[in-house]
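Everything below concerns the one structure shown next.
The values are calculated or read from the model by the stated rules, or taken from the named source; none is laboratory data. Here the structure is a predicted model, which is why all the values come from computation and not from measurement. Heads up, the Cβs are rebuilt from the backbone with ideal geometry, glycines too, and the neighbour counts pull from every protein chain shown.
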């Protein structure tokens, strides 16, 4: 089925990771591909880069580039400007809580129902509801629904919700976050469901920046950036978590796709088009239900966007016990997710050439590794003849440089998901010890040098090793419990695709 064009009025910008070559050739996207633009398509891309908006007749190319990850959409400043919603009825306005009158005026943004799952956190809940109220000038909402998931003291949450003008849904027994979110969605009447956890604090503009993306009818969900609550968290684990939380998907926007730059987004804060919510979160999953939900949306052809321009602060877990338990918990979700989404949860995706080259280096055969990379570079240069003006240089950049850059990715998999095997190899195979030691130390220190986090290199290295060890333990124990090891298998099926821009529509 052909995707609908990107609506007129959107802007389009090439993704920061997309490389452009002379003659209108684009390199990048997910999966990585080389696209030769026709003269007409090149003219459109140039006009969009200069600031022109998508017109009535060129939305197909814009959609194809966005879907391929080669470009990012720039939505109109107002969702209503692109025909997202009609004015909300007076009856709906009467039901609103903490809503600004401007929300329901003609041509305003869609009605947003905020859904908050909570269990035994009345203080955090009060802080969240206060923050939503404080953001009302820029981010008005239609209603707030608090779902008490079987708290020991339901009266505490009820009084907090009542004081804030929120509606309370009470679950008699705990069903975990997935069930609570589903109950909240069932009770909501808004066009957009804004799920946000009780340990979060939205920052002004969190909705105003995200909502315009829904002007694209293919967008089913949009996620903000999750940042650390407070200026600095106490302790070395707090500083590490502030700089490298798995909830923070980084500073660049993107389409959420397995294996892409943004492979998932958490439901600590997530906006979902109510009409696309469907059956909601899978309550059979003990963790990972947010990743599963997003991957089901993408598998069904919908787009999920990550928009770091909107921010929600999260109270990270920074004690030693909480930190380790949370990483193990995340790791244990990999196998159940792999059963539902085969191939999507693998720890490493590289070409066979790259894997072979680094295997040779690990076995102390650097010349063999260089020879493997040289052969791959030569074959790629042959494929690039007639496609790029300087195929040899680009082959060196893509094959040679790509193999070098992949070293950090390979090392990460070795000491994260595969660390029990790495430890066994370190003990039993002396030849591999230098490579395993380097994998455990060098990439982490390179990352520290790039990021310059607010802690020293040795503390950063210790936190990385603790992070990876806990997560990897979770992956292994989860895989053993599930009886499935797809989340531990590498994906060596990468191959280069070279196409003309007309083929993007196929």
### Filter result (loosely packed, with under 14 Cβ neighbours inside 10 Å and in contact (Cβ under 8 Å) with a residue 60 or more places away in the chain) within the stretch 442-453
451
#### Entry: Matching residues, the stretch 292-351, being in contact with a strand residue (DSSP E or B) (Cβ under 9 Å, 6 or more places away or on another chain) and part of a helix (DSSP H, G or I)
293, 294, 295, 297, 298
### Message
Quick check on residue 172: is it surrounded by fewer than 19 Cβ atoms within 10 Å (Cβ to Cβ), farther than 17 Å from residue 121 by Cβ and at pLDDT below 95?
### Response
yes
### Query
Within the group 136, 126, 177, which residue is without any contact (Cβ under 8 Å) to a residue 40 or more places away in the chain, within 27 Å of the chain's Cα centre (by Cα) and assigned by TED's automatic domain parsing to the domain that holds residue 291?
136
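This table checks each residue for (1) crowded, with 22+ Cβ neighbours inside 10 Å; (2) touching a helix residue (DSSP H, G or I) at 6+ places or on another chain (Cβ under 8 Å).
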position: 280; (1), (2): no, yes
position: 289; (1), (2): yes, yes
position: 297; (1), (2): no, yes
position: 311; (1), (2): no, yes
position: 321; (1), (2): no, no
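This table checks each residue for (1) surrounded by fewer than 23 Cβ atoms within 10 Å (Cβ to Cβ); (2) in contact with a strand residue (DSSP E or B) (Cβ under 8 Å, 6 or more places away or on another chain).
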{"site": "214", "(1), (2)": "no, yes"}
{"site": "250", "(1), (2)": "yes, yes"}
{"site": "260", "(1), (2)": "yes, yes"}
{"site": "266", "(1), (2)": "yes, yes"}
{"site": "275", "(1), (2)": "yes, no"}
### Message
Just to be sure before I move on: is residue 202 under 20 Å from residue 147 (Cβ atoms) and either modelled with pLDDT under 95 or assigned by TED's automatic domain parsing to the domain that holds residue 114 (or both) in the structure I sent?
### Response
yes
### Query
Looking at (1) in a helix (DSSP H, G or I); (2) more than 23 Å from residue 240 (Cβ to Cβ), can you tell me which one residue 495 breaks?
(1)
